[in-house]
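Engineer: Just passing along the structure, written as structure tokens.
The values are calculated or read from the model by the stated rules, or taken from the named source; none is laboratory data. Worth saying up front: this structure is predicted, and the values here are computed from it rather than measured. Neighbour counts run over all protein chains shown; Cβ positions are idealised from the backbone, glycine included. To get the accessible areas, we keep the full protein, side chains included, count just its heavy atoms, and leave off ligands, DNA and RNA. Shrake-Rupley method; radii C 1.70, N 1.55, O 1.52, S 1.80 Å.
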Amino acid sequence: MSGSALRVVVVYPDLLGTYGDGGNALVLARRAAWRDIPVQLIEATSDGPIPEGDLYCLGGGEDGPQVRAAEAIRSDGTIVRAVGSGAVVLAVCAGYQIAGRSFPGADGRARPGLGLLDVDTVKGEGPRSVGEVVAEPLDGLGDIALPTLTGFENHGGVTRLGPGVVALARVTTGNGNGDGSEGARAGRVLGTYLHGPVLARNPALADLLLSWAIGSTEPLAALDDGEEEALRSERLHAVSRSRFTGRARS
Amino acid sequence: MTAPPTPGLSARARVALTATRALNAVSRRVGIGSGTVIGGRAGLAIDPGLLGRLAAGRTVALVSGTNGKTTTTRLLAVALEVSAGAGSVITNSTGSNMPPGHVAALAGGGSDGPVVLEVDEGYLPASVTTLHPRVVVLLNLSRDQLDRTNEVRMLAGRWRGALAGAMDTTVVANADDPLVVFGAGSAARVVWVAAGMRWRADAVGCPACEGRIVFGADGAWSCSCGFSRPAPDVWITEPGEGDGEAEWTDGRHHRVALSIPGRFNRANAVMAAVAAEALGIPADRALGAMATVDEVAGRFTTPVIAGVPTRLMLAKNPAGWAELLALVCPGDSPVVVAINARVADGRDPSWLWDVPFEDLRGRPVVATGERCLDLSVRLRYAEVEHQTVRDSVAAVGVAGEEWPSDAGRPVEFIGNYTAFHDVLTHR
Ligand SMILES: [Zn+2]
């Protein structure tokens, strides 16, 4: 974090904002502000340069806008440079695919990503992955142990992880990357298929990103997350109930 | 209802028509349906060409778009009664807006009067081809139910393809919505109405070139490729609170005073008036007739729920919510917001984060519905103080008890599709 306030940048909400993804940045900004951490929430639309930031949020998008966003972020260069000097990235769904090395365009042809994560995404063979996801976080995410992750996925891609990343979690319900794992992490860049938005349904993940961004090795001050906890437990119960009855319920 | 004679139908079509009517009657009688889909499905199974045959030779108007279809369909039907006579306009008033619902409406209609159909956005191209409408009203296009249909841009392209072949159709289209303008732009005859658009997040990407649409302060918009807002033929001014005036380029202007609230409903009424005019009803007489409509399928009624006078409103997506939040704010009466996520609502309520709930700051708010916990978290991050009560009728009761309105103003209830209908059944 440089300067006076933590800069949370929503990257191209006009192209990558299909699934309420702006919510992730809002959750980060509020959780910082509630702890009296000075924070600035910046929306960087695709008609201008991407500003310097401490924490970048990339969201979901349709095929065409995804390709355009990847091209624009690459030619802009700011995010890749910022990651080199320690910026944090949360990349969700289409944004996750963009953060990788390659992803399929609408025609299925591979397009270059940002290369921030050693992952390649291809079009899946089967139907789109749509539905609730439950995933158990794996070790190696940092000093803060994360609880079970909950979210909603909606994507047609299958993502293969290379040796340069670790998976974020192991799915117990849903598809995630397509091989039983969910998401990927390299350094301070974290990719995931989870919507919800993911940080609203997993505030501990939001706090992990915040602690990376402000360079804190101590856990952040606790907040009253009663409403988030109620939502988490309801979603986790809904999934286990639907598995038990064999019916899709939510 | 006596079935009208149907000369000119083949034996197969007559069998299909009889089956449609019989099944609709049965389904209404035993209460398993509103009698609009089951029969229509059976009829189409027997004769896939039934819809086109039933509509042949009739005056047909179609209404489509993401938001406002049901209301605009109703307003246009009422306007056409001015010359066709009360009860003689055939319409799918229950909102069954796909082909089985259209078959049911046509099979059940006891007259040869004009036909006004609400059409699902995805079915509009096929409906244009099958029904040969005299008029098509295109209201707006925005994201809706993302886990089922996520390509509004693609829909606009399909509209454009279908309307290019409709040489005898007048399209009444919203000039303020770039996706609608792209969809309508191929039509032989278009009347452009500056109907407004509060939600622009889905219209930034240019549908013509994939470039970027830039919006000006005065409602103008354009892309560097040359695709831009057409000069409106009709526009709406808002001379006073709750009042509107529609103006035509030829200098005419008519007052828009409705019994249902909101800027978006005045825009719907003007679109309907322009459509009515294309079918021979003077716009001022059409608007006059529309003023009598005080509810549309329960929307904007103020029944007593759990002992509390409550104004019921339905919003299904961020664009619809943005309009209704603008309608109820500013104000000080309690607001009950209700969210379900059944199949009809879309299973993923992530879109709640696209809704400007921040508008509700300072208001008494109760979050309810099957997904009230998603809503409560959303409201927490919007910094809107609220209570959370899962049962929606109980939620209205809490709102009325904790914040009795001394001015006699009703509690405002806004729900998405099934959440709205859950409360509507408690009227
Ligand atoms: Zn363009």
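Engineer: As an exercise, use a Förster radius of 22 Å and the Cβ-Cβ distance of B:His253 and B:Arg285 to find the FRET efficiency, rounded to the nearest 0.05.
Structural biologist: Given R0 = 22 Å and the Cβ-Cβ separation, E is 0.90.
Engineer: Given the protein assembly as shown, what percent of its DSSP beta bridges are antiparallel, to the nearest 5?
Structural biologist: Details: 43 of 97 bridges.
Among the beta bridges of the protein assembly as shown, antiparallel pairing accounts for roughly 45 percent.
Engineer: Let me ask another. What number, rounded to the nearest 500 deg cm²/dmol, is the helix-based mean residue ellipticity at 222 nm of chain A, given -39500 (n - 2.57) per DSSP H run of at least four residues and division by all its residues?
Structural biologist: Details: 7 runs with 75 residues, N = 250.
About -9000 deg cm²/dmol.
Engineer: Could you work out how far apart the two model spin labels at A:Glu43 and B:Ala231 are, taking each label as a point 7 Å from the Cα in the direction of the beta carbon, and quote it in nm?
Structural biologist: 3.3 nm
Engineer: Next question, about the same structure. Could you work out the percent of alpha carbon pairs in segment A:6-245 separated by over 31 Å, rounded to a whole number? Don't skip to the end; give the middle numbers.
Structural biologist: Working: 4417 of 28680 pairs.
Of all Cα-Cα distances in segment A:6-245, 15 percent exceed 31 Å.
Engineer: So if each residue of separation counts as 0.36 nm, and I subtract the Cα-Cα distance between B:Arg390 and B:Asp168, what length gain in nm does that give?
Structural biologist: On the way: separation 222, 0.36 × 222 = 79.92 nm, distance 5.12 nm.
Gain in length upon complete extension: 74.8 nm.
Engineer: Pairing rule first: another cysteine's C-beta must sit under 4.7 Å. Under that rule, which cysteines of the protein assembly as shown stay single?
Structural biologist: A:Cys57, A:Cys93, B:Cys329, B:Cys372
Engineer: Kindly rank B:277-288, A:184-195, B:170-181 from highest to lowest mean number of other beta carbons found within 10 Å of each residue. The partial results should precede the final answer.
Structural biologist: Numbers: B:277-288: 19.4, A:184-195: 24.4, B:170-181: 27.1.
The peptides rank, most packed first, as B:170-181, A:184-195, B:277-288.
Engineer: Using DSSP, restrict attention to beta bridges with both residues in segment B:49-290 and report what percent are antiparallel, rounded to the nearest 5. Provide the component values of the computation, followed by the final result.
Structural biologist: Values: 13 of 34 bridges.
The answer is about 40 percent antiparallel.
Engineer: If r is the Cβ-Cβ distance from B:Arg198 to B:Thr129 and R0 is 30 Å, what FRET efficiency results, to the nearest 0.05?
Structural biologist: Here the calculated transfer efficiency is 0.40.
Engineer: Let me know the whole percent of all Cα-Cα pairs from segment B:49-290 that are separated by more than 27 Å.
Structural biologist: On the way: 8845 of 29161 pairs.
In whole percent, the share of Cα-Cα pairs in segment B:49-290 beyond 27 Å is 30.
Engineer: Taking R0 as 22 Å, what FRET efficiency do you get between B:Glu402 and A:Ser233 from their Cβ-Cβ distance, rounded to the nearest 0.05?
Structural biologist: Values: r = 26 Å, r/R0 = 1.19.
The pair B:Glu402/A:Ser233 has a calculated efficiency of 0.25.
Engineer: Can you give the calculated 222 nm mean residue ellipticity of chain B, where each DSSP H run of n ≥ 4 adds -39,500 (n - 2.57) and the sum is split over every residue, rounded to the nearest 500 deg cm²/dmol? Each step should come with its number before you reach the end.
Structural biologist: On the way: 14 runs with 153 residues, N = 427.
It lands at -11000 deg cm²/dmol.
Engineer: Now for a separate question. Specify, per residue and in Å³, the volume enclosed by the convex hull of the alpha carbon atoms belonging to the protein assembly as shown. Display every interim value, and only then the final one.
Structural biologist: On the way: hull volume 112.6 nm³, N = 677.
With only Cα atoms used, the protein assembly as shown gives 166 Å³ per residue.
Engineer: In segment B:350-364, which residues become less accessible by 20 Å² or more once every protein chain is in place, relative to the chain on its own, using a 1.4 Å probe?
Structural biologist: B:Ser350, B:Trp353, B:Asp354
Engineer: Rounded to the nearest 5, what % of DSSP beta bridges with both residues in segment A:6-245 are antiparallel?
Structural biologist: 60 percent
Engineer: Next question. Output wanted: per-residue J couplings in Hz (rounded whole) for segment B:249-262, from phi through Karplus 6.51 cos²θ - 1.76 cosθ + 1.60, θ = phi - 60°, x for Gly and Pro.
Structural biologist: Rounded to whole hertz, the list is 5, 7, x, 5, 9, 10, 6, 10, 10, 10, 8, 9, x, x.
Engineer: What nm value, rounded to one decimal, do you get for the distance between A:Ser240 and B:Ala326 when each label is placed 7 Å out toward the C-beta?
Structural biologist: 4.5 nm
Engineer: OK, next. Carbon and sulfur together cover what percent of the accessible area of segment B:159-294 at a 1.4 Å probe radius?
Structural biologist: Values: 2620 of 5350 Å².
Within segment B:159-294, the accessible surface is 49 percent carbon and sulfur.
Engineer: Ok, one more. Checking an interface number: how much accessible area is buried between B and A, summed over both chains, with a 1.4 Å probe, in Å² rounded to 100?
Structural biologist: Values: alone 17640 and 10960 Å², together 25640 Å².
Using a 1.4 Å probe on protein heavy atoms, the buried area is about 3000 Å².
Engineer: Further, regarding this structure: So what is the relative contact order for chain B, in percent, with contacts set as C-alpha pairs under 8 Å and at least six apart?
Structural biologist: Values: 922 pairs, mean separation 52.5, N = 427.
Dividing the mean separation by the residue count of chain B yields 12 percent.
Engineer: Would you please put A:215-225, B:209-219 in order of how densely packed they are, using the mean number of other Cβ atoms within 10 angstrom per residue and starting with the highest? Before the final figure, lay out each step's value.
Structural biologist: Values: A:215-225: 11.5, B:209-219: 13.5.
Peptide ranking by packing, descending: B:209-219, A:215-225.
Engineer: For segment A:1-105, what are Rg and Dmax over the alpha carbons, in angstrom?
Structural biologist: 13.1, 42
Engineer: So, one more: I want to verify the translational diffusion coefficient of chain B in µm²/s; compute it with Stokes-Einstein, Rh as the Kirkwood radius over Cα pairs, at 10 °C and 1.306 mPa s. Working shown, then result.
Structural biologist: Details: Rh = 22.3 Å.
This corresponds to a translational diffusion coefficient of 71 µm²/s.
Engineer: For Cα pairs less than 8 Å apart in space and 6+ apart in sequence, what is the mean separation divided by the residue count of segment B:225-346, i.e. the relative contact order in percent? List each step's numbers first, then the result.
Structural biologist: On the way: 118 pairs, mean separation 18.2, N = 122.
Once divided by the residue count of segment B:225-346, the mean separation gives 15 percent.
Engineer: What does the charge count near B:Pro48 come to, summing +1 for each Lys or Arg and -1 for each Asp or Glu among other residues with Cβ under 14 Å from its Cβ? Working shown, then result.
Structural biologist: Details: positive: B:Arg12, B:Arg41, B:Arg53; negative: B:Asp47.
With Lys, Arg at +1 and Asp, Glu at -1, the neighbours total +2.
Engineer: On to the next question. Just the number, please: carbon plus sulfur as a percent of the accessible area of chain A, 1.4 Å probe, no ligands or DNA/RNA counted.
Structural biologist: Carbon and sulfur: 50 percent of the exposed surface of chain A.
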